[in-house]
Amino acid sequence: LLMTRTEAPAVAAEQGQHDAAPMIAALEAKLKAKPDDAAGWYMLARSYATIGNYGEAARAFAKASELFPEDARLLADYADVLAMTQGGNLQGKPLELINQALELNPQDEKALNLAASAAYQNKDFARAASYWRQLLKVLPPDADIAKDVAAAIDEAEKLAGSLGGLDNLSNLSEKGGAAEQPQQGAVAISGTVTVS
């Protein structure tokens, strides 16, 4: 799967937790006093995600999305974090959020990437390639991720092609089976003619 973030080693994540703890505590306190601060909830969610606390990040993203439901990037980030709480699985609620994000902004890079990854997980390789092609169109040509996206498109198209080939073989064998039946009937008729 192609993901835009890089996985930090456990030691770095632990170090980040210590660095982020005072800021997170301050944000939590601020949000208790002012719970309708959508930007604050978004910042808190991203902070938790940065240190790998995906459960708390999902809770904060849920609150942020309630307050500001029409932000495609927020929804894509929320979907990403929810998937992390499901072991990287984008199906279900994460995919619903991705689709909402794409309805709001069909050009959102992260939503396109996640949609492609979700389709890939679901073995819908043609759709995955299609989403990644859309992503490639909106990325700057010199973007670091552009080569990875192009490689993902190639892989998805090869997999889609091999699945299509298997489907064609299946269809041919079905057609072959159907073609054999009339031949058997023809043999029976010619047998009857011979007896006459």
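The values are calculated or read from the model by the stated rules, or taken from the named source; none is laboratory data. This structure is a prediction, so every number in the text was calculated from the model and none was measured. Because the Cβ atoms are built from the backbone with ideal geometry, glycine has one as well, and the counts that use them run over all protein chains shown.
Results, tabulated for the structure shown:
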item: Pairs with Cβ under 9 Å, 6+ apart, first in the range 31-47 and farther than 14 Å from Leu74 by Cβ, second modelled with pLDDT of 95 or more and of a type in the set (Lys, Arg); result: Leu31/Lys63; Pro35/Lys63
item: Residues of the range 70-109 satisfying the condition of being in a loop (DSSP other than H, G, I, E, B) and in contact (Cβ under 8 Å) with a residue 24 or more places away in the chain; result: Glu70, Asp71, Gly88, Asn89, Leu90, Gln91, Asn105, Pro106, Gln107, Asp108
item: Identity of the residue in the range 120-141, under 12 Å from the mean Cα position of the chain (by Cα) and free of Cβ contacts under 8 Å to residues at least 24 places away in the same chain, that ends up surrounded by the most Cβ atoms within 10 Å (Cβ to Cβ); result: Tyr131
item: Selected residue [in a loop (DSSP other than H, G, I, E, B) and either under 22 Å from Gly88 (Cα atoms) or at pLDDT 85 or above (or both)] from Ala126, Ala151, Ala143; result: Ala143
item: Search result, residues across the range 37-66 that are surrounded by fewer than 20 Cβ atoms within 10 Å (Cβ to Cβ) and β-branched (Val, Ile, Thr); result: Thr50
item: Ala62 being more than 30 Å from Asp154 (Cα to Cα), of a type in the set (A, V, I, L, M, F, W, C), at pLDDT 95 or above and assigned to a helix (DSSP H, G or I); result: yes
item: Residue in the range 108-117 that is farther than 23 Å from Glu155 by Cα, buried (at least 24 other Cβ atoms within 10 Å of the Cβ), within 12 Å of the chain's Cα centre (by Cα) and hydrophobic (A, V, I, L, M, F, W, C) present; result: no
